[in-house]
1. For A:LEU451, what is the net charge nearby, where nearby means another residue's Cβ is under 11 Å from its Cβ and Lys, Arg count +1, Asp, Glu -1?
2. Could you grab the relative contact order for region B:503-568? Cα pairs under 8 Å, six or more apart, rounded to a whole percent.
3. Looking at A:ALA329, A:ALA359, A:PHE343, which one has the Cα that reaches farthest to the positive end of the dipole of region A:317-365 (charges on Cβ: Lys, Arg +1; Asp, Glu -1)?
4. Using only Cα positions of region B:260-325, each an equal point scatterer, no hydration layer, compute I(q)/I(0) via Debye at q = 0.19, 0.26 Å⁻¹ and quote the log10 values to two decimals.
5. Give the whole-number value, in cubic angstrom per residue, of the convex hull volume spanned by the C-alpha atoms of region B:334-486.
6. Per residue, how much space in cubic angstrom lies within the convex hull of the C-alpha atoms of region B:130-232?
7. Evaluate the charge dipole of region A:391-487 about its Cα centre and quote only its size in Debye, nearest 20, assuming +1 on the Cβ of each Lys and Arg and -1 on the Cβ of each Asp and Glu.
8. Hey, with R₀ at 60 Å, roughly what FRET efficiency would A:ASP27 and B:ALA270 work out to, going by the Cβ-Cβ distance, to 0.05?
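Derivation of every value follows stated rules applied to the coordinates shown; laboratory data play no part. From a predicted model like this one, the values you see are computed outputs, not experimental measurements. Cβ coordinates were reconstructed from backbone atoms using ideal geometry, including for glycine residues, and neighbour counts include every protein chain displayed.
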2 protein chains.
Amino acid sequence: MSQHVVVIGAVALGPKAACRFKRLEPDSKVTMVDGSDLISYGGCGIPYFVSGDVSDASQLQSTSFHMVRDVKFFHNVKDIDVLINTRVLSIDRKNKTVRLQNVVDQREEDLPYDQLVLGAGSLPKRLPIPGADLKGVFTVSNLNGAMAIKQGLADGAVEKAVVIGAGAIGLEMAEALADLWGIDTTVIARADQILSRIVSPNMAHMAQCHLEENDISVHLGEKVLKLEGTDRVEKVTTDKGVIDADMVIMAVGVAPNSELAKAAGLEVSANGAIVVNKWMQTSDPHIFAGGDCVEIPHLLTGKPGYFPSGSLANRQGRVIGTNLAGGNAKFEGAVGTFVIKVFEMSLASAGMSLKTAKAEGWDALSVFISQFDRAHFYPEKGLMYMELIVDRKTEKVLGVQGLGDMTDAVFARVNAVAAILKYGPTTADISNLELLYAPPFSAAMDILNALGNTAENVLREKIKLIDVDQFAEWWRDRDGSDAVFLDCRGWGNAKPFAEKYPDDWKSIPQDELKMRMDEVPRDKPLVLICNTGVRSYEAQLNLRQEGITNTYNLQGGMATVKKWGFDL
Amino acid sequence: MSQHVVVIGAVALGPKAACRFKRLEPDSKVTMVDGSDLISYGGCGIPYFVSGDVSDASQLQSTSFHMVRDVKFFHNVKDIDVLINTRVLSIDRKNKTVRLQNVVDQREEDLPYDQLVLGAGSLPKRLPIPGADLKGVFTVSNLNGAMAIKQGLADGAVEKAVVIGAGAIGLEMAEALADLWGIDTTVIARADQILSRIVSPNMAHMAQCHLEENDISVHLGEKVLKLEGTDRVEKVTTDKGVIDADMVIMAVGVAPNSELAKAAGLEVSANGAIVVNKWMQTSDPHIFAGGDCVEIPHLLTGKPGYFPSGSLANRQGRVIGTNLAGGNAKFEGAVGTFVIKVFEMSLASAGMSLKTAKAEGWDALSVFISQFDRAHFYPEKGLMYMELIVDRKTEKVLGVQGLGDMTDAVFARVNAVAAILKYGPTTADISNLELLYAPPFSAAMDILNALGNTAENVLREKIKLIDVDQFAEWWRDRDGSDAVFLDCRGWGNAKPFAEKYPDDWKSIPQDELKMRMDEVPRDKPLVLICNTGVRSYEAQLNLRQEGITNTYNLQGGMATVKKWGFDL
């Protein structure tokens, strides 16, 4: 039974759904419609195209075997018709037609469909501030926009850039501008941390330090009020000052592109996302939708979630393609995953941050540790910093985050937790998580296992912790507070601090602690310190055995303090 | 309530159990007993110590903060007594004592225990052949043995080495000898592939090619009959010839070290492994055991499995430590994981190989694909080769394998599957597996998702495949067989083959296939070829639409043929 499927939107989800369907029903007809002339490109590659890592826009549009996915490609290779430069004005669900308009000659026509796919993606938010439409002000929306940005850079007209927004796209664009083009770049965000809904304040702070080491200025808690310029943008005025800029990138998030669906009477959520069931069907069974324009179940909260992601879009596209052909494929939802390259570092997360988990009503806590990414005796290695978010009551794991070198080491750990999160693992499952082990790849007790162990220790109230930000605060306030900072490392490590701050910084190596117990102040809170938090944990147990329990183990140790950019 | 815990074996499991227990019950006493004078070392690091990557044996014995874990360390830092050079002669379960013998002065004594831990590990198998006890013949059993091997190498007395056995330890030792010491090294194995119970013949063949590229000779299907020499080993005689050797490493597997347990009447399996419950308790509730001397449930077969691994031993040690202190920690079992560095490549697996799965009674099949480890437009990337093993009936995933560059890319993918295997994922779960995505780390449709998709396509009988080994066989026999080899790549790629073999190798690029359908031979089996298997899959569907179904898609494409070492 041959049918005609119309696909609206020809990036990520649309082509995937179309191609999958055609593989299953080669005798049916597919027409894909897109408002632009550039289609089927890897939108997530835009920052790498802007930076120059990807030299040519056509590479983003190419298959892995170097064929450009243009109209001709879809026609010849996929037997799919594509109408480019074509807007969809409306959907007539009763008559099962879509009203099209050619954006070049304005010509309109009706296109009948048997089944329809909505894959219109998202639209970048634009701040409603004066000057937002000045020349030189861009959003990162599509490949045409990216080409305009790159042209501006190549013309040499840009010396100073401001990126508004410190989410993934904002940071990737900032790196693209600063790294390869050498542009004086400032990131401005209203939140008090970068990547605010994604990673913890401390993870964010560590990544921010690395951005700053790479000459990117980061302004947090700052609100952009207006953009000004005569011919083009020249300056950015915020509630804290004025910054010169030849280019402004607005990367303040995206919103689902669902106007068409709404106008057609399809169910759309309060947040503007199209509502679909697990077969990716809208409230009209003849219309499927997926990608950045829909909401899908959040597998941890059970509530609808919004996860704009090229990767999810591709997988949802395949599900839709299968179901268009009468299949029974399901898309259960997502836990939310994230990874970003920040110059020479990688930062990743899966599931919820502590803040999000608490906002969702969990009695959550997080533990933080640092550990080598390979056996500690293996010569080539780097430190990783990871955080696990767990629910106190059920001991369920709610999220994980990691920061490390620009290898796949952090990616590998967070990937493993991302994969199991939907199964509802507990801290014990993480303690015993079966991971691959050989010294060139991991430690016998992997950092994930250690995270599970630490979480369990904290949950059972065996240890009290402090975070690096609290540590910094206590240290700055050391004259006002009672706290004593007890360095549990060998004298060689402790010496510079103990000698510089004889009143505040005490050195007792952990292996000497039992013999030197009488030197430990019993009437003051003790902050226990070592390089990574392991020896200070041992010290904490040793002290408890002696009845000294007002102790706080510095999570992640001095390695984390350093990475966090705090100088004592 | 203070108690005395005796731990037999002071490597991996023993120290972990002892330290965990002491953290929970600091007032109790622990005595750890070991027959050697070197304890608590990372045994998996031995090949890297032999190679010189790890310069000093004490590094394997050190903590991550550079303290050597010797008797003094355990005493001062952990409050654990260690009796080194002490053999355990017997266990008197009734009186709860162990009979000890000092191996230096032969003095014997009884040591009472409240609870006992058996962590005696495994013993390397030694082939019962003439000359096995000659000087210069080693097993890789412990750090003392490794030091003897390294001393032999450092003395410069070794020019030619033979490694018997092509499992992980054999290959790691071969690399150690050949790479840094430049020794002419031969690996001999009875099986017809390396890593025979771990990875598929094709994965093994690809890794073997890489070993050979690095000047290691690999002899498969060869049986060692005897070792000969006057003062020390000089030659190795096999059923196929004689090989000169100044050093022989026997790495033919390990067996659980369970004699003591057996003699004490504890339940021991037919394979000689100590039987424990999920609390790691032996048949005597006062005696725990773990690590290389026990069997644990295989989480895929449900049967007992033997998984000697330093990583599992550590995690089991923690479980035992918790339970010694009255806790309720469980160790469910394992799915089996593996990763190895082979010069500039990494090879990994989780779960079962196709052969093992079939032997266990599954109607299993495997699919194989090659794909870049990052977005294909991202400049720095490498090809990965992965195989997924699934059950036809339930579509459950039984195992996964991967080969790629010496980054963590393969490690990251296999880790993610390893983590979920115990939850019983199906191919659909792999198709939709939520993994981290950003172009510097992965493709929008990760190789794992693609593997799930391919498996589903095969299961639903949408495509027929051939493996690279079958391809090689068909190609070699092309004069006798009817098969036509149809290259679906662009003419540039196909030309050298089409011109060299005009009768056998036909070029029709996939995007021209529909227009050139009349050129396709309809009466012969067609082997469809492209670079990675993606375009040839498309071609297969195009051909089927025209009624041409006697087609075989070459899994992994020419990239795999090349990696497999097959020259056309």
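1. Counting the neighbours of A:LEU451, the net charge comes to -2.
2. Over region B:503-568, the number comes to 32 percent.
3. Positive-most Cα among the choices belongs to A:ALA329.
4. These q points yield log10 I(q)/I(0) values of -0.69, -1.22.
5. 143
6. Per residue, the Cα convex hull of region B:130-232 comes to 100 Å³.
7. Using Cβ point charges on Lys, Arg, Asp and Glu, region A:391-487 gives about 380 debye.
8. The value I calculate is 0.55.
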